[in-house]
Structure formats: C-alpha cells, structure tokens
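The values are calculated or read from the model by the stated rules, or taken from the named source; none is laboratory data. Since the structure is predicted, the reported quantities are computational estimates derived from the model, not experimental observations. Note: ideal-geometry Cβ built from the backbone for every residue, glycine included; neighbour counts use all protein chains shown. In case anyone asks, the SASA skips ligands and DNA or RNA and just uses the protein heavy atoms, side chains included. Shrake-Rupley method; radii C 1.70, N 1.55, O 1.52, S 1.80 Å.
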Amino acid sequence: TPPSPPPTAATITPAVVASNEEANRLRDENARLQAQLGQVQAQAGDAQQRAQRAEQAAADSEQSLRSVRAQLDDAVQKAAKDADALRAQVDAATQSVDEYKARLVKAEDSAKEHELNCQGLEKELRDAIEAANSLALAAEKAADSLQATQ
C-alpha cells in the first residue's frame, strides 16, 4: 500500500474546524448536563428535606396518638370506676327503698289494726253512751215517780 500523503492546510483546516465544532457542542452538552445535574441534585435535596419533614410529622403524629390513647385509656378507667361507684349507690338506694317499703307496709298494717280497734272502741263508747242515756232516762222516770208519790 502506498504511503498516505502528508496532511496539508486544505485537509487539516476542515478537520480542525469540525473538531472545534465538536468540542464546542460537547462543552455545551456538558454545561447543559451540569445544569441538569444541579437541578436533579436540588430536587433530590428538596425531596430529602420533605421526606425528613414527613418522617418528623409522622413521629410527632405517632407520639400524639400515643398521648391521646393514654388519655382515652385513663378516661375509660375513670368512667368504669365512676360507673361502679354509681352502681353501688343505686344498690344502696334500692335497698333503702325496699326497707322503707317494708316499714310502710308494717305501718299501714298497724294503722288498719288501730282503725279496727278504734271502730270497736267507738262502738263500745256508743253502746256505753246509749246505756248511760237509758240509765239517765230510767233515773229521771224513777225520780219523777218518786216525786209523784210524795
């Protein structure tokens, strides 16, 4: 194969121009990619900060939920104790009512017995008054008779 001819200005200049154009295009591409990399890194930083804020918010929310749960548990326990105390009060009040009802029944029975006794006494009193009136009438007649005989 014959040796290639030495380069000349006519052959070198278009190659240098093409290489220079390629170098400029590569520099532009590099600058564009550097800018895009900066944007992607900034977006990644923003995303990381949002993720950290979201993680902190989740942790705060979890802590708040634990606190609310503890408060609810305390409230439920207190309500259960209060309900037990109220049940005991209702039981005691019911027992008192039952005792008062029993006393009322006894008092009513006693009142009926006294009423019957009073009715009997009233009848005896009426009979005694009637007898006394009859005796008084007889005594009057006897006194009148005695006076008439004198």
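Of note:
- Expressed as a whole percent, the accessible surface of the stretch 107-150 that belongs to carbon and sulfur atoms is 58, based on a 1.4 Å probe.
- For the chain, the solvent-accessible area works out to 88 Å² per residue, with a probe of 1.4 Å and every protein chain left in place.
- Applying the Karplus relation 6.51 cos²θ - 1.76 cosθ + 1.60 with θ = phi - 60° to the stretch 48-53 yields 3J(HN,Hα) values of 5, 5, 4, 5, 5, 5 Hz, where x marks Gly and Pro.
- Note on the stretch 6-102: with neighbouring protein chains present and a 1.4 Å probe, carbon and sulfur make up 58 percent of its accessible heavy-atom surface.
- 3J(HN,Hα) couplings calculated from phi for the stretch 108-123 with the Karplus curve 6.51 cos²θ - 1.76 cosθ + 1.60 (θ = phi - 60°) are, in sequence order, 5, 4, 5, 5, 5, 4, 5, 5, 4, 4, 5, 4, x, 5, 4, 5 Hz; Gly and Pro show x.
- In the elastic network of the chain, a GNM with C-alpha springs shorter than 10 Å, the most mobile of 76, 16, 90 is 16.
- Only the Cβ atoms of Lys and Arg (+1) and of Asp and Glu (-1) were treated as charged; on that basis the dipole of the chain about its Cα centre amounts to roughly 1140 debye.
- Working note: Cα gyration tensor of the chain, eigenvalues times five, square-rooted, sorted largest first, giving semi-axes of 138, 15, 10 Å.
- When shorter helices are ignored and each DSSP H run of at least 4 residues is given -39500 (n - 2.57), the per-residue value for the chain at 222 nm works out to -36500 deg cm²/dmol.
- A simple spin-label model places the labels of residue 60 and residue 129 9.6 nm from each other, with each point 7 Å out along Cα-to-Cβ.
- Here the gap between residue 49 and residue 119, fully extended at 0.36 nm per residue and compared with their Cα-Cα distance, gives a gain of 15.1 nm.
- Each residue of the stretch 92-98 is assigned a 3J(HN,Hα), and the resulting list reads 5, 5, 5, 4, 4, 4, 4 Hz, derived from the Karplus form 6.51 cos²θ - 1.76 cosθ + 1.60 (θ = phi - 60°), x at Gly and Pro.
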